[in-house]
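Contents: one structure, followed by commentary.
The values are calculated or read from the model by the stated rules, or taken from the named source; none is laboratory data. Keep in mind the model is a prediction, meaning the values are calculated, not measured. Here Cβ is always computed from backbone atoms with ideal geometry, including for glycine, and neighbour counts include all displayed protein chains. Accessible surface is based on the protein model in full, side chains and every heavy atom, while ligands, DNA and RNA are left aside. Shrake-Rupley method; radii C 1.70, N 1.55, O 1.52, S 1.80 Å.
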Amino acid sequence: LQLVVRNMNYNCKRPTAMVEQHEGEQQQDTHQISIKCCEAVSYVFRSDNQGDISLEAVKLISKTVKDLNCHVHPRVIETFIALPLRVHEEEAEAAKLHATATAKKRKRNREEAEIEDELKESSATLDKGLLARSQADSLHHITLTYFRVIKKAAMIFDRAPQNDASESSYHRHDPEERYMKLLLPVTLEGLAKFAHLINIDTVVDLLNVLKELLLNVDKLPLDAALNCVLTAFKTLLGPGKELQIDPKDYISPLFAQLPRLCSLNDSQYANLALKCMDTAFIRRRDYSLARVAAFVKRLLTVSMHAPSPYCSAAPLIAMVRSMLNNRYSGVANRLFENEQDNATNLGGAYNPKAEDPERTNPFATSAWELGTLRFHIHRDTAQQADDCANLRLMQPATPANLYNDLVKNSLDGYISSKVVMKRHPLRPPIHINNEKQRKRTQCRFITPRITKATHLNGGMEEYL
């Protein structure tokens, strides 16, 4: 009914079954019903052209999350990502003011208003004003839901003990923290999608909440930490572009989380790390060359230890190429020098353990990892390292597209190989121009060496 007849009575009450399943998640029947309900609501969000039905469903989900104190399944909040929101809150405010003025005008001329309503119903066209108001209200409720989850997560992780956030220590945490670790990545992913639509007043509160959450970034799962950084940078590129905010509070956590990609369980989030790097250094310009050099060095170090199942080494090197070719060519000239010949080494030794990337002194070392990665067992990684060492320009494919292609090839079982045609040692070289030398080298004979009889040629003495 949700997929076929979306305008029938009690339409907005059907998602209740979707959010009530968290209590009976262990039962297989309830689990399957929950999946079907979430798929149906996501379909309605994608196909609702007017926005009013989606608004009612968003209100119901938001109210349920508030009543249950955020104890819902992550699948429930993940349905928000299917909403195609395109209206900024400022545009919605203008639409509301226009609707108010139109309502006052309709009160004066009721007969003309009735005629306009009949014409509008007969034409069956899209009401842009209603769509703008519906999407603005939906964005408001979604943002409140996301803020509610993030603030609760910040309180939980702030009082939690300092433990490793990997899978080995997953079950040592309390149940509420484990539950929030599942809910937080989905929330931050949705917030990163809609961050460019919120108004300037909400931007400051959002950045403060994210900054508070990043204070305990080591306790977060890697996907949650990277989504948090990605949301902050998208906000600074969108509505927070006019704010004078130092991105250092979000750069340093990203720098600290990159080594976690060396773990087999966390290397699957390399694509998310590439999005963070693209938003932080490609789509915006960082004027600190020391900071850029520190990230280049860190990416090359992670590429040395990246596990092969998720093919993350080649895209990380491709990201280094994008950074050095597009905006920060001066960094390559200093990092590709020999450590002994580097005239800029005036600040001591390289310190990779520093929390601030600018204090690592990256120009005191060199990008020696490229010399080793050129002989990597994977052909794509070796090719990217060779191109990066020679500062060749990037192809139109982005690092994210390269990552997706490598993952697809890995799942399909495709292994790329390079055929190298070598000349046979007995074949004469082609480049000989002298006719006498060419005739002399056309035939070569090998004279067998006569040896004594052994267990390999026993009984063959009569033929020697």
Requested in this report: Please turn the phi angles of region 399-412 into ³J(HN,Hα) values with the Karplus equation 6.51 cos²θ - 1.76 cosθ + 1.60 (θ = phi - 60°), one per residue in order, whole Hz, x for glycine and proline.
Outcome: x, 5, 5, 4, 5, 5, 5, 5, 5, 5, 5, 5, 5, 7
Query raised in the report: Based on the Cβ-Cβ distance of ALA349 and ASP386, what FRET efficiency does E = 1/(1 + (r/R0)^6) give at R0 = 35 Å, to the nearest 0.05?
Result: 0.80
Query raised in the report: Any idea of the accessible area per residue across region 207-312, 1.4 Å probe, to the nearest Å²?
Result: 36 Å²
Query - In nm, spacing of pseudo-spin labels at ARG284 and GLN395 (7 Å Cα→C-beta vector) - result: 3.1 nm
Query raised in the report: What share of all Cα pairs of region 27-82, in percent, falls into each consecutive 5 Å distance bin?
Result: 4, 19, 27, 25, 18, 6, 1, 0
Requested in this report: Report the normalised scattering of region 188-329 as log10 I(q)/I(0) at q = 0.12, 0.20 Å⁻¹, calculated by the Debye formula with identical scatterers on the alpha carbons.
Outcome: -0.46, -1.24
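One quarter of the convex hull surface, Cα atoms only: what value does that give for region 252-306 in nm²?
Details: hull surface 14.2 nm².
For region 252-306, averaging the hull's shadow over all directions gives 3.6 nm².
In region 281-336, carbon and sulfur make up what percent of the accessible area (probe 1.4 Å)? Each step should come with its number before you reach the end.
Values: 860 of 1850 Å².
Whole-percent figure for carbon plus sulfur exposure: 47.
Let's see if you can work this out: charge +1 on each Lys and Arg Cβ, -1 on each Asp and Glu Cβ, no other charges. What is the dipole magnitude of region 186-245 about its Cα centre, in debye to the nearest 20?
On the way: 5 positive and 7 negative charges, 24 e Å.
Result for region 186-245 is approximately 120 debye, rounded to the nearest 20.
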Query raised in the report: Structure shown: which of LYS128/LYS408; LYS36/LYS59; LYS66/LYS234 lie over 31 Å apart, alpha-carbon to alpha-carbon?
Result: LYS128/LYS408
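What does the charge dipole of region 247-299 about its Cα centre add up to, to the nearest 20 debye, if the Cβ of each Lys and Arg holds +1 and the Cβ of each Asp and Glu holds -1? Numbers along the way, then the final one.
Values: 9 positive and 4 negative charges, 35 e Å.
That gives a dipole near 180 debye.
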